[in-house]
Amino acid sequence: MHVIECVTTLNAALSSGDRHVSEYYMNEFERKCNIWGWLLFILCAAFFIASAWRSHDMLYLIGSVVFLVACLVFLAPFVRGRSGRRQ
């Protein structure tokens with residue numbers, strides 16, 4: 001559903017003749033796509049952790065946890081920016 005919303009937002013931005021409106025919608029589209037991309041990376045990290053745990057490979061587990069933390073760090077500005085956004 002959210003992917004469809006991203007495409008709809010992009011179509012609205014491209015069909016609009018107003019440059020400022022187009023930039024706003026493109027920024028919104030980029031933000032949503034970035035968030036979805038990072039959420040998918042977090043999902044991958046969870047599967048990496050589960051696989052490492054199952055195979056009892058500590059190096060793999062440590063690397064997977066570091067990958068998860070890195071994904072969360074990259075996602076933090078989106079979450080923080082949403083709640084602390086100035087109008």
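Just so it is clear, none of the values below were taken in a lab; they were calculated from the coordinates. Treat the numbers as computed from the prediction; the structure is a model and nothing was measured. When we count neighbours, we look across all protein chains shown, and the Cβ atoms used for this are built from the backbone with ideal geometry, even at glycine.
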_For the pair residue 73/residue 58, report the inter-label distance in nm, with labels modelled 7 Å from Cα in the Cβ direction._
2.3 nm
_Based only on other Cβ atoms within 10 Å, what is the fewest-to-most ordering of 54, 31?_
54, 31
